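**Q** Pasting a structure here, questions to come.
The values are calculated or read from the model by the stated rules, or taken from the named source; none is laboratory data. Values in this document were obtained by computation on a predicted structure and should not be read as measured data. No Cβ is skipped: glycine too gets one built from the backbone with ideal geometry, and neighbour counts run over all protein chains shown. When the accessible area is computed, the model is the full protein with side chains, heavy atoms only, and any ligands, DNA or RNA have been set aside. Shrake-Rupley method; radii C 1.70, N 1.55, O 1.52, S 1.80 Å.
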Amino acid sequence: MHKKYPLYKQATQQWQKAADFFELDRDVRTILSEPKNEISINFPVRMDNHELRLFRGHRIQHNNILGPFKGGIRFHPQVDHDEVKALAVWMTFKCALVGLPFGGAKGGVTVDPRELSSGELMRLTRRFTHALGNNIGPEYDIPAPDAGTNAKTMAIIMDTFMNAQNTTNRNAQRHVVTGKTLTVGGSLGREKATGQGLVYVLSSWAKENNFDLSKCTFSVQGYGNVGYHAANILEKMGASMIAVQDHTGSIFNPDGISTEDLKNFNLSGNPIVEFENCEVIEDHEFLGLPVDVLIPAALEGQIHEENAGKIQAKVVAEGANGPTTIEGENILKDKGITILPDLLANSGGVTVSYFEWTQNKTSSQWPLEEVDRKLKIIMDQAYAQTSQICKEMKTDFRTASYIVALRRISYAYQERGIFP
Ligand code: NAD
């Protein structure tokens with residue numbers, strides 16, 4: 001079990017550092033300092049043994065000046081109010097950074113989905129969605145997958161939401177969630193989008209720094225949606241994955257680990273530590289391995305003051321949200337290690353979610369090539385704008401990405417004015 005860090009404080013410190021650089025308007029700073037709405041719900045679920053269990057869930061809507069609230073729903077035993085609040089803040093800035101017409105929100109339920117049967121998980125998802133009621137909606141607040149949830153969870157949320165609407169209006173509600181399965185209105189390319197976006201960002205950085213991705217080694221922490229797809233795409237470019245860590249343990253093979261074989265092995269119910277030809281290493285050894293690229297793609301607070309000093313990678317590409325604490329980041333900076341921050345590196349997911357939302361609104365389906373092409377344009381542009389600010393203001397990528405985002409948010413407030 002990983003140690004909890006005060007995440008909301010971390011998120012606040014990060015954007016306020018950028019706000020100081022940018023001399024953000026005081027009123028906008030005040031508005032952004034707390035979420036607009038914070039919904040916490042205790043809801044009952046009937047378990048398979050007929051016992052009624054109470055679960056706690058949250059939906060926190062930080063800001064919607066740029067468009068409807070947008071953000072994932074997480075099912076994890078360590079979900080709490082502070083974590084969801086921080087994740088909601090990050091969504092506001094992420095959507096603004098990549099120029100999407102969305103605000104920021106996040107949801108979560110304190111539950112270990114691995115301990116529930118599929119029936120229990122279905123009832124939990126339906127009951128939570130029902131309890132959220134009109135606090136979500138296709139033009140108001142649009143959830144998506146996050147850790148512990150997936151395309152199927154989104155299909156269930158969509159179905160539950162639709163069934164609570166007038167019969168004649170149900171089919172117009174499909175875009176209440178994104179990241180759905182293809183058959184119920186999902187977008188091609190959404191499943192791999194976060195990993196794909198991360199690789200586009202890493203490629204832009206590599207090009208700018210004469211770094212050959214096709215010959216590099218990398219390690220991945222968290223082998224779920226984000227970790228696997230980032231690894232698989234990098235492997236196809238010639239890079240070699242030499243270490244993986246997930247909640248069950250850590251494995252290492254200096255000759256390379258097949259991304260596809262490991263995924264299939266894991267999907268068949270086997271723990272990664274039993275994968276062939278790999279040395280099982282202690283979890284605390286994982287971050288210190290000699291790799292060129294480190295991809296934290298599990299949970300927040302993984303790189304901190306006690307282990308950041310061990311990292312040997314040249315670049316850390318943050319697939320997860322908030323994987324590096326403020327103290328951990330300072331240590332990496334002192335060591336000259338570049339951090340491609342979560343806001344930028346994992347924004348491919350919400351970008352393709354926006355494509356899915358757009359496709360649903362127009363009842364269309366774009367080919368995969370079109371999704372990837374449009375994603376690349378947006379990621380390349382976000383990287384270029386962030387990198388430009390880094391140079392102009394002599395700051396790091398994280399602060400620069402917040403500056404790009406804050407500019408957009410603050411222009412919107414300037415143009416619209418603050419109501420009333
Ligand atoms: P997932 O549930 O698909 O996978 C999570 C992975 O992390 C699993 O392999 C799990 O074993 C591993 N893990 C859990 N606890 C761990 C621990 N203590 N140490 C090491 N590994 C651990 O989740 P995901 O959707 O890939 O999300 C991962 C991260 O990426 C989260 O921080 C999430 O907020 C962020 N993210 C996800 C998306 C998306 O589209 N899914 C988009 C942006 C950001």
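**Q** On full extension of the chain, what length is gained from Met237 through Phe419, given 0.36 nm per residue of separation minus the C-alpha to C-alpha distance?
**A** 60.5 nm
**Q** Also: Could you check which residue among Trp90, Trp357, Trp366 shows the biggest mean-square fluctuation in a GNM of the chain with a 10 Å Cα cutoff?
**A** Trp366
**Q** Let me ask you something else. Enumerate the residues in the range 184-214 having an amide nitrogen under 20 Å from the point lying 7 Å beyond the Cα of Ser118 toward its Cβ.
**A** Counting only backbone N, you get 184-186.
**Q** Given the C-alpha centroids of the range 158-193 and the range 95-150, what is the distance between them in whole angstrom?
**A** Each part's Cα centre sits 13 Å from the other's.
**Q** Leaving out ligands, DNA and RNA, what percent of the accessible area of the chain is carbon and sulfur, probe 1.4 Å?
**A** 50
**Q** Looking at the range 193-345 only, what percent of DSSP beta bridges run antiparallel? Nearest 5 please. Provide the component values of the computation, followed by the final result.
**A** Working: 7 of 22 bridges.
Of those bridges, close to 30 percent are antiparallel.
**Q** Compute the distance from the alpha-carbon center of the range 365-388 to that of the range 222-288, in whole Å.
**A** So the separation of the two Cα centres works out to 27 Å.
**Q** Also, I was wondering about something else. Please work out the Kirkwood hydrodynamic radius for the range 73-133, using every pair of different C-alpha atoms, and report it in angstroms with one decimal place.
**A** One over the average 1/r among Cα pairs gives 12.8 Å for the range 73-133.
**Q** Pull out the extension gain between Asp261 and Asn171, defined as 0.36 nm times the separation in residues minus the alpha carbon to alpha carbon distance; nm, one decimal.
**A** 28.5 nm
**Q** Let me have the 222 nm mean residue ellipticity of the chain computed from DSSP H runs of 4+ only, each contributing -39500 (n - 2.57), with the sum over all residues rounded to the nearest 500.
**A** Roughly -13500 deg cm²/dmol at 222 nm, from the helical runs in the chain.
**Q** Stretched out fully, how many nm does the piece from Gln365 to His247 gain, at 0.36 nm a residue minus the Cα gap?
**A** Gain in length upon complete extension: 38.9 nm.
**Q** P(r) of the chain in 20 Å steps, Cα pairs, percent per bin?
**A** Histogram of Cα-Cα distances, whole percents per bin: 28, 60, 12, 0.
**Q** Can you give the net charge of the other residues whose Cβ lies under 14 Å from the Cβ of Gly104, counting K and R as +1 and D and E as -1?
**A** Charge balance near Gly104 sits at +2.
**Q** Gaussian network model of the chain, Cα springs within a sub-10 Å range: biggest mean-square fluctuation belongs to which of Ser258, Ser250, Ser203?
**A** For the chain, modelled as a Gaussian network with Cα springs under 10 Å, the answer is Ser258.
**Q** Kindly state, to the nearest 0.05, the FRET efficiency for Glu139 paired with Gln78, given R0 = 41 Å and r defined as their beta-carbon distance. Write down the numbers at each step before the final one.
**A** Working: r = 32 Å, r/R0 = 0.78.
Once the sixth-power term is evaluated, E becomes 0.80.
**Q** While we're here: Given springs between every Cα pair under 10 Å in a Gaussian network model of the chain, which of His229, His50, His247 has the largest fluctuation?
**A** Taking springs between Cα atoms under 10 Å, the residue moving most is His50.
**Q** Right, next: Return the tail of the calculated pair distribution for the range 193-345, meaning the percent of Cα-Cα pairs more than 27 Å apart.
**A** When all Cα pairs of the range 193-345 are counted, 13 percent exceed 27 Å.
**Q** Please work out, to two decimal places, the log10 of the ratio I(q)/I(0) at q = 0.12, 0.16 Å⁻¹ from a Debye calculation in which every Cα of the range 7-184 carries one identical scatterer.
**A** -0.56, -0.93
**Q** Same structure, new question: Cα-based Rg (one decimal) and Dmax (whole number) for the range 250-316, in Å?
**A** Rg and Dmax of the range 250-316, Cα atoms, are 12.9, 36 Å.
**Q** Oh, and also: Among DSSP beta bridges lying fully in the chain, give the percent that are antiparallel, nearest 5. Mind dumping the intermediate values first?
**A** Values: 24 of 48 bridges.
The antiparallel proportion sits near 50 percent.
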